[in-house]
Amino acid sequence: MVFPFRSVEDFKVELTEEHELFRKSVREFVENKVMPRWREIEESNSVPEDIKREMIAMGFTGVGIPEEYGGQGGGFLMSSILTEELSRASVALSVTVGVRDLFVVPLLRFGSEELKRRYVPPVARGEANAAHANTEPVAGSDVASIQSRARKVNGSYVLSGRKVFITGAGEADYFIVSARTEDPLPDKRWWGITCFVVEKDWPGVKIGQQFRVMGLRGEQPYEVILDEVKVPEENIVGKVNEGFKVLMDTYDHTRIGVAAQGVGIAQAAFEKALNYALQRETFGSPIIAHGIIAEKIADMYMRLQAARLLTYWAATLADKGRPEFLVAASLAKAYATEAAEWIARQAIQIHGAYGVDFETGIERYLRDAIITTIYEGTNEIQRLVITRQLVRQAFGLKI
Ligand SMILES: Cc1cc2nc3c(=O)[nH]c(=O)nc-3n(C[C@H](O)[C@H](O)[C@H](O)COP(=O)(O)OP(=O)(O)OC[C@H]3O[C@@H](n4cnc5c(N)ncnc54)[C@H](O)[C@@H]3O)c2cc1C
């Protein structure tokens, strides 16, 4: 193999029959139970409780979590397929299930055995909900500039701060929360941040306003206020002052899920556009027979399949624990979410006026796709990661 691949192992997508059987079962569920109710989810701005219950009964909350911690096993590729298929019907639905990854991944990778045993199984079994509270009013991409503080008092930590845009906070029982335990060092801005598991019912945890973001209706984020919340020392995830590493490692893994959301949105928009282009007639023929529309359909399909391959590739590398997954995950996240945005936009255009009408159910794809280009590392940040990783791999240089 030649650069950038070191071996054939770096360039495989390892889909199996089991993955496809699983996809079929998720697709059957969403087509029967969710797709007919997309309007209800959008209008009520919530995912109906019976749908949530059914997703738990089908084991979706445990996909990607090892069986020894109450999950179904399956890894990142299986989780990507679940996310893709749920997002094809409703991104909110995939976020409802997917937000637990932002809690479970850091616990599984950095948490003590005690923390894993206490907090992961209830989430995997759908008995408890979890959220990830890192972003602050003045700190999103620049995680090192968070202002929440945690001071040590008699063997515990006392947390204060304000977190914004926290998905799933309204229903979460547990949060992973970042806070500064020490000031940064002059040559290490990242130093001094620590991650903690905080429970909703602990004194001082308050859920604030719900943000009215343009998409993700059914699962819009909240403000979380921490007012002198006492947290036991054993609830620290990873090492004190090294929480930045926990957070970055988490996003490296979870952004594969955002790529899968992009693939699901793109698939849905593409299918609707193709069907409409075959049915709608102008000037005596179906619009797909007009060259410009046919070309749009081909370009949409090209980007959709490239996005899917990149996503499955990144998930395969992550499942194998290969370090190359880092660049693959960023390539997949940026490409798939931009593909979704572009494909959703083309789907609207192909539908003409019906495309911008709420009732057709097309414009929501664009609203949702734009959000996927922003969270879990904006696509600008992904480009920085890609270039950094590339230069490191090719020349061994740090930029
Ligand atoms: C719907 C939704 C749900 C969310 N859920 C969660 C959640 O559950 N938990 C959580 O902690 N956070 C959550 N977030 C927050 C999200 O992760 C942040 O919004 C995101 O990381 C970007 O941070 P920011 O909004 O502060 O933008 P900023 O970091 O202020 O960036 C502003 C702009 O500048 C660009 N930029 C910043 N730095 C650079 C750079 N070095 N080079 C080039 N361009 C740069 C960005 O790409 C962006 O375009 C959510 C956000 C949304 C919209």
Checklist entry - If we scan the range 369-386, do we find a residue that is surrounded by fewer than 22 Cβ atoms within 10 Å (Cβ to Cβ) and away from the ligand (no atom under 16 Å from the Cβ)? => result no
Checklist entry - Looking at the range 151-158, is at least one residue surrounded by fewer than 20 Cβ atoms within 10 Å (Cβ to Cβ), in the same structural domain as Trp202 (by TED's automatic domain parsing), over 28 Å from Val34 (Cα atoms) and within 16 Å of the ligand (Cβ to nearest atom)? => result no
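So, in the range 305-336, exactly how many residues are of a type outside the set (Lys, Arg), in contact (Cβ under 8 Å) with a residue 12 or more places away in the chain and not in a helix (DSSP H, G or I)?
Within the range 305-336, the first condition is being of a type outside the set (Lys, Arg), and the residues that meet it are 305-307, 309-319, 321, 323-332, 334-336.
From the residues that got through so far, the ones that are in contact (Cβ under 8 Å) with a residue 12 or more places away in the chain too are 306-307, 309-319, 324-332, 334-336.
Still in the list and also not in a helix (DSSP H, G or I): 324.
The number of residues fulfilling the criteria is 1.
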Checklist entry - Could you list, in sequence order, the residues of the range 169-202 that are more than 19 Å from the chain's Cα centre (by Cα) and of a type in the set (Gly, Ala, Ser)? => result Ala179, Gly192
Checklist outcome for this item: Exactly one of Ile176, Ile207 is in contact (Cβ under 8 Å) with a residue 40 or more places away in the chain and part of a strand (DSSP E or B), and that one is Ile176
Checklist entry - Taking Ala57 and the conditions (1) within 16 Å of the ligand (Cβ to nearest atom); (2) small (Gly, Ala, Ser); (3) at pLDDT 95 or above, which numbered condition does it fall short on, given that it satisfies the others? => result (1)
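Quick one: in the range 353-399, which of the residues that are charged (D, E, K, R) and touching an Asp or Glu at 6+ places or on another chain (Cβ under 9 Å) is nearest to Met248 (Cα to Cα)?
Of the residues in the range 353-399, the ones charged (D, E, K, R) are 357, 359, 363-364, 367-368, 376, 380, 383, 388, 392, 398.
Pick out the ones that are also touching an Asp or Glu at 6+ places or on another chain (Cβ under 9 Å) and you get 357, 363-364.
On the way: Asp357: 39, Glu363: 33, Arg364: 30 Å.
Among residues in the range 353-399 that are charged (D, E, K, R) and touching an Asp or Glu at 6+ places or on another chain (Cβ under 9 Å), the one nearest to Met248 (Cα to Cα) is Arg364.
Can you pull out the residues in the range 122-142 that are in a strand (DSSP E or B) and either over 15 Å from Gly243 (Cβ atoms) or in contact with a strand residue (DSSP E or B) (Cβ under 9 Å, 6 or more places away or on another chain) (or both)? Break it down stepwise before answering.
Narrowing the range 122-142 to residues in a strand (DSSP E or B): 130-133, 136, 139.
Across the range 122-142, the qualifying residues are Ala130, Ala131, His132, Ala133, Glu136.
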Item to check | Scope the range 233-285; condition among the acidic types (Asp, Glu), not in a strand (DSSP E or B) and not assigned by TED's automatic domain parsing to the domain that holds Ser141; matching residues | outcome: Asp249, Asp252, Glu271
Next on the checklist: Looking at Tyr301, Tyr354 in this structure, which one is under 18 Å from Glu85 (Cα atoms) and aromatic (Phe, Trp, Tyr)?
Outcome noted: Tyr301
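The values are calculated or read from the model by the stated rules, or taken from the named source; none is laboratory data. A quick note: this is a predicted structure, and the numbers were derived from the prediction, not measured. Because the Cβ atoms are built from the backbone with ideal geometry, glycine has one as well, and the counts that use them run over all protein chains shown.
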